[in-house]
Amino acid sequence: MVDVGKWPIFTLLSPQEITSIRKACVFGTSANEALYVTDNDEVFVFGLNYSNCLGTGDNQSTLVPKKLEALCGKKIKSLSYGSGPHVLLSTEDGVVYAWGHNGYSQLGNGTTNQGIAPIQVCTNLLIKQVVEVACGSHHSMALAADGEVFAWGYNNCGQVGSGSTTNQPTPRKVTNCLHIKRVVGIACGQTSSMAVLDNGEVYGWGYNGNGQLGLGNNGNQLTPVRVAALHSVCVNQIVCGYAHTLALTDEGLLYAWGANTYGQLGTGNKNNLLSPAHIMVEKERVVEIAACHSAHTSAAKTQGGHVYMWGQCRGQSVVLPHLTHFSCTDDVFACFATPAVSWRLLSVEHEDFLTVAESLKKEFDSPETADLKFRIDGKYIHVHKAVLKIRCEHFRSMFQSYWNEDMKEVIEIDQFSYPVYRAFLQYLYTDAVDLPPEDAIGLLDLATSYCENRLRKLCQHIIKRGITVENAFSLFSAAVRYDAEFQVGAFSF
């Protein structure tokens, strides 16, 4: 299961916000921007907002998530991003939206004006159902359900596949060798493009200075060219790094080619390869490969669930696939890629089972499972005798001294208020205290009476942190009202 909390930017969110996430993407030149979709299909963004890439309608950065109303309820299926950055996505209905940097018309709207909010990409795509999108540094691609590929944006190296190096302002169908062929997968390097056909053939076009097209040379290609070296295998997945390419066959074989400055090909050296080379030969069957054009990092997952990484890993060059303790390839990019971006749209499937701590928290004050009640100020709090005995010496001693199954299951409490005693019992289930400083004074007195030293320290911290000029006198009065043993001097009233 993907844990978005492993990406540093998501530490800005509360636990409740994290729990609501179902899809997410971290992007930007420094991984300073993020988009996520909640369980009720609302879309939020936050971060630096460089080049208007958050799509919020302004150029303001934000640490607090902002809702993208235009995308809420759209059911995002595929998402990619460029280096500007610009953002491109398709919905389950096959509609494409784009926003952000547009200096090379990579938004496909026929202009070079910045896209400050998500706008539908219409030209040549209105009657198409797009199932996948991909972005290079400053160019974009879309794959339609009928197997046709459209490309637009920056074209200095032929990455749009139009046969020229003129920038393409709107989506244009990629033809030539792909004419009447059915494409099932697309990927973009910084300035190169790759496609996989339904018969397992691989085609590449655009920049080839490092051999990333796998053609056996380093000449740029203005139109798609088949990777002939893979003629004997059937490829079903392809991914592109900054200037290298990985391909996975239907038999679980992994091939790599292109730039290798950081060992991202996994060959054991740093020599570029102009043609595909079979790697991880001695490993078990590979079922997934990962790379993205923003990084020089590679990753793969095997049939046995083992995740390997290689290339640039937190500044270190790892020239051979290194076995990690991760459970998914996404974790490699969260923890070791530079920048720490996501290589695909993350899908977060929250598991149904709860941890022991989560289960205890959930069962506090639950009449269905409780076997004991406290009555304070006429109100009831439902608890479990076993939990109280395990967590608190006061209750353990009390129950052992005179408790038996025939005794009443309601305990009357009159020396403490309902909010204070409820907070105490809840602390036994959660290890947390959430009270205003006025009530924390009462809880401090209770903790002292019950010899709960850790709880005393938590209350003291809450009180110290909550003291203001306005409430200092009332806190002092409350302290005196509860107990002289409160140690007033310790709080500098």
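The values are calculated or read from the model by the stated rules, or taken from the named source; none is laboratory data. Fair warning: this is a prediction, and the values are worked out from it, not measured in the lab. Counting neighbours? That spans all protein chains shown, and the Cβs are built from the backbone with ideal geometry, glycine included. Heavy atoms of the whole protein, side chains included, go into the accessibility calculation; ligands, DNA and RNA do not. Shrake-Rupley method; radii C 1.70, N 1.55, O 1.52, S 1.80 Å.
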task = Compute log10 of I(q)/I(0) for the chain with the Debye formula, placing one identical point scatterer on every Cα and leaving out solvent, at q = 0.06, 0.07, 0.13, 0.14 Å⁻¹, to two decimals.
result = -0.41, -0.52, -1.09, -1.22
query = Which listed residue (Gly268, His231, Val281) has the Cα farthest towards the positive end of the charge dipole for segment 183-293, taking +1 on Lys and Arg C-beta and -1 on Asp and Glu C-beta about the Cα centre?
reply = Gly268
key: Count of Lys pairs (Cα-Cα under 24 Å; at least 8 positions apart or interchain) in segment 356-482   = 17
Qualifying lysines (Cα of each under 30 Å from Cα of Lys283; at least 8 residues distant if same chain) = Lys6, Lys270, Lys301
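Specify whether the C-alpha gyration tensor of segment 221-289 places it in the rounded, prolate or oblate class, a ≥ b ≥ c being the square roots of the eigenvalues: rounded for a/c under 1.5, otherwise prolate if a/b is larger than b/c and oblate if not. Don't jump to the answer; show the numbers that get you there.
On the way: a/c = 1.75, a/b = 1.05, b/c = 1.67.
Since a/c reaches 1.5 but b/c is at least a/b, the shape of segment 221-289 is classed as oblate.
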note = Rounded to a whole number, the Stokes-Einstein D of segment 119-241 in µm²/s (Kirkwood radius over Cα pairs; 4 °C; 1.567 mPa s) is 92
message = Only four residue types carry charge here, +1 at the Cβ of Lys and Arg and -1 at the Cβ of Asp and Glu. Report the dipole size of the chain about the Cα centre in Debye, rounded to the nearest 20.
response = 1400
note = A 1.4 Å probe over the protein heavy atoms gives the chain a carbon and sulfur accessible-area percentage of 50
Segment 116-218 - accessible surface per residue (Å², probe 1.4 Å) = 34
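Under 8 Å for C-alpha pairs, at least 6 residues apart: give me the relative contact order for the chain, rounded to a whole percent.
9
Just the ratio, please: alpha-carbon radius of gyration of segment 1-147 over 2.2 N^0.38 Å, N its number of residues.
Details: Rg = 14.5 Å, N = 147, 2.2 N^0.38 = 14.7 Å.
Output field value: 0.99.
Classify segment 211-331 as rounded, prolate or oblate from the Cα gyration tensor: take a ≥ b ≥ c as the square roots of its eigenvalues, call it rounded if a/c is under 1.5, otherwise prolate when a/b beats b/c and oblate if not.
Details: a/c = 1.86, a/b = 1.29, b/c = 1.45.
The shape class here is oblate.
What is the sum of charges, Lys and Arg at +1 and Asp and Glu at -1, for the other residues whose Cβ falls under 13 Å from the Cβ of Gly57?
Local charge sum for Gly57: 0.
Largest first, how would Val95, Val356 line up by accessible area (1.4 Å probe)? Show your work: numbers first, answer last.
Details: Val95 40, Val356 115 Å².
Ranking Val95, Val356 by accessible area, largest first, yields Val356, Val95.
In terms of solvent-accessible area of protein heavy atoms at a 1.4 angstrom probe, what is the ranking of Thr38, Thr29, Thr468, highest value first?
Values: Thr38 10, Thr29 95, Thr468 60 Å².
Heavy-atom accessible area, descending, gives Thr29, Thr468, Thr38.
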message = Can you return the lysines within cross-link range of Lys181? Criterion is Cα-Cα under 18 Å, with same-chain partners fewer than 8 residues away left out.
response = Lys128, Lys173
request  = Report, in debye and to the nearest 20, how large the dipole of segment 356-482 comes out about its Cα centre when Lys and Arg carry +1 and Asp and Glu carry -1 on their Cβ.
outcome  = 380
note = Sites removed, the longest contiguous part of the chain containing no DSSP-loop GluC sites (Glu not before Pro) with at most 13 other Cβ within 10 Å is 93-250
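Cα gyration tensor of segment 356-482, axes a ≥ b ≥ c as square roots of the eigenvalues: rounded (a/c below 1.5), prolate (a/b > b/c) or oblate?
Details: a/c = 2.03, a/b = 1.79, b/c = 1.14.
The shape class here is prolate.
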query = So between Ala432 and Val410, what do we pick up on full extension, going 0.36 nm a residue minus the alpha carbon distance?
reply = 5.4 nm
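Provide Ile289, Ile18 ordered by accessible surface of protein heavy atoms (probe 1.4 Å), highest first.
On the way: Ile289 0, Ile18 40 Å².
Descending accessible area places them as Ile18, Ile289.
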